[in-house]
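Peer 1: One structure follows; several queries about it will come next.
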Amino acid sequence: MNWKKDIESFLGKIKGEKTDIITISKMGGGSINEAYHIKTAKDDYFIKMNVAGLYPLMFEKEATGLKLLKKQGIIYIPEIIGTGVVENVAFLILEYIPGSVTDKSFWKTFGKQLAALHNVNEDNYGFEEDNYIGSLEQKNNWKERWGEFFIEMRLQPLLKTAFNSHLLEKKDLLLFESFYKKTTEIFPEEKPSLLHGDLWSGNYISMRDSVPVLIDPAVYYGHREMDIAMSKLFGGFDQLFYSTYNEVYPLEKGWEKRIDYCNLYPLLVHVNLFGGTYVASVRNIIKTF
């Protein structure tokens with residue numbers, strides 16, 4: 001595929017004028033996609049690409065999540081230029097956001113804005129469509145109760161996959177059965193919050209003037225502690241982020257003790273994506289049950 005020419009044509013149709021790509025620079029796109037910074041005479045773009053049939057509608061679903069977050073007008077979301085498929089290569093084009101260093105102002109703003117995002121509520125837990133977390137399908141069927149949603153839409157599908165792949169054993173599934181019986185006691189009742197859904201350090205950018213930017217969402221309406229917990233999974237954010245968040249929208253008492261339970265979900269994602277190195281982490285959390 002001569003994708004430079006095809007993307008020039010795609011951008012030209014959107015912009016309504018001839019568009020020539022001046023430079024193409026490869027960027028880190030994670031373990032799933034190829035990613036590039038594209039520079040034209042007038043604008044800069046970010047594009048990521050993958051084999052179209054490998055993860056059906058992945059980029060369209062990501063665009064849906066980005067649009068929903070952007071619609072709230074709370075946290076800066078890159079402009080969505082478009083999605084498409086050319087010669088079995090799927091792509092998503094976004095506004096290119098150059099990063100800058102994080103400072104105190106960034107973390108305070110980020111904490112305040114995420115708290116505001118979590119104040120966007122729905123009546124039930126879930127989302128209007130299924131989407132992806134990483135390269136795995138994420139089920140989002142609506143449920144009235146968080147415990148029910150967490151068990152049926154988050155944990156059970158991943159446990160089934162891991163068990164069938166011989167990554168987890170029957171004894172692990174039995175421990176989860178014991179955990180399920182305690183979910184209503186563990187999690188405080190809250191309104192379903194609009195979540196980023198994949199909130200780790202690789203999915204935010206500090207833009208100029210310390211403006212937080214969110215990318216790569218796996219949106220749904222869920223328990224807000226899921227976002228907070230995942231932010232702590234790989235080292236955590238600056239403490240100012242958490243203190244500011246709690247000033248704006250205080251977390252329920254004992255939230256720190258629930259972090260591990262929330263993170264059973266992303267840890268199971270990693271078990272299925274990267275193999276047994278994460279199995280021990282899951283077992284350490286669930287063994288008390």
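The values are calculated or read from the model by the stated rules, or taken from the named source; none is laboratory data. Every value quoted in this text rests on a predicted model; they were computed, and no experiment measured them. FYI the Cβ positions are ideal-geometry reconstructions off the backbone, even for glycines, and counts take in every protein chain you see.
Peer 1: Residues in the range 170-205 that are touching a residue at least 12 places away in the same chain (Cβ under 8 Å) and either more than 24 Å from G99 (Cβ to Cβ) or β-branched (V, I, T) (or both): how many?
Peer 2: Final tally of qualifying residues: 20.
Peer 1: A further question on this structure: Can you tell me which residues in the range 1-53 are part of a loop (DSSP other than H, G, I, E, B), within 19 Å of the chain's Cα centre (by Cα) and on the phi < 0 side of the Ramachandran plot?
Peer 2: G28, G29, S31, I32, N33 - these are the residues of the range 1-53 that are part of a loop (DSSP other than H, G, I, E, B), within 19 Å of the chain's Cα centre (by Cα) and on the phi < 0 side of the Ramachandran plot.
Peer 1: Could you run through the range 207-230 and say how many residues are outside any helix (DSSP H, G or I) and of a type outside the set (F, W, Y)?
Peer 2: 13
To keep it simple, each residue is scored yes or no on (1) under 30 Å from N272 (Cβ atoms); (2) of a type outside the set (A, V, I, L, M).
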{"residue": "M27", "(1), (2)": "yes, no"}
{"residue": "L66", "(1), (2)": "yes, no"}
{"residue": "G82", "(1), (2)": "no, yes"}
{"residue": "A90", "(1), (2)": "yes, no"}
{"residue": "V101", "(1), (2)": "no, no"}
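Peer 1: Mind listing whichever residues of the range 21-72 are surrounded by fewer than 17 Cβ atoms within 10 Å (Cβ to Cβ), more than 16 Å from L11 (Cβ to Cβ) and hydroxyl-bearing (S, T, Y)?
Peer 2: Matches in the range 21-72: S25, S31.
Peer 1: Collect the residues in the range 255-278 that are without any contact (Cβ under 8 Å) to a residue 24 or more places away in the chain and not in a helix (DSSP H, G or I), keeping them in residue-number order.
Peer 2: None; the set is empty.
Peer 1: Against the conditions (1) in a helix (DSSP H, G or I); (2) surrounded by fewer than 17 Cβ atoms within 10 Å (Cβ to Cβ); (3) aromatic (F, W, Y), where does Y245 fall short? Just the number, please.
Peer 2: (2)
Peer 1: Still on this model: Within the range 256-284, track down each residue that is surrounded by fewer than 18 Cβ atoms within 10 Å (Cβ to Cβ), of a type outside the set (S, T, N, Q) and more than 19 Å from the chain's Cα centre (by Cα).
Peer 2: E256, K257, G275, G276, A280, R283
Peer 1: Determine which member of the set F46, F127, F110 is at pLDDT 95 or above, outside the structural domain of I22 (by TED's automatic domain parsing) and farther than 30 Å from E152 by Cα.
Peer 2: F110
Peer 1: On to the next question. In the range 187-219, how many are at positive phi and in contact with a helix residue (DSSP H, G or I) (Cβ under 7 Å, 6 or more places away or on another chain)?
Peer 2: The total comes to 2.
Peer 1: Can I ask one more? Which numbered condition in (1) assigned to a loop (DSSP other than H, G, I, E, B); (2) among the hydrophobic types (A, V, I, L, M, F, W, C); (3) surrounded by fewer than 16 Cβ atoms within 10 Å (Cβ to Cβ) is the only one that L233 fails?
Peer 2: So the condition that L233 fails would be (3).
Peer 1: Could you go through the range 65-88 and let me know if any residue there is modelled with pLDDT of 95 or more, touching a Ser or Thr at 6+ places or on another chain (Cβ under 8 Å) and not acidic (D, E).
Peer 2: Scanning the range 65-88 turns up no residue that is modelled with pLDDT of 95 or more, touching a Ser or Thr at 6+ places or on another chain (Cβ under 8 Å) and not acidic (D, E).
Peer 1: Oh, and also: Among the listed residues L117, L69, L54, which satisfies the condition of being in the same structural domain as F237 (by TED's automatic domain parsing) and of a type outside the set (G, A, S)?
Peer 2: L117
Peer 1: A further question on this structure: Can you confirm whether the range 72-92 contains a residue that is without any contact (Cβ under 8 Å) to a residue 40 or more places away in the chain and acidic (D, E)?
Peer 2: Scanning the range 72-92, I find at least one residue that is without any contact (Cβ under 8 Å) to a residue 40 or more places away in the chain and acidic (D, E), so the answer is yes.
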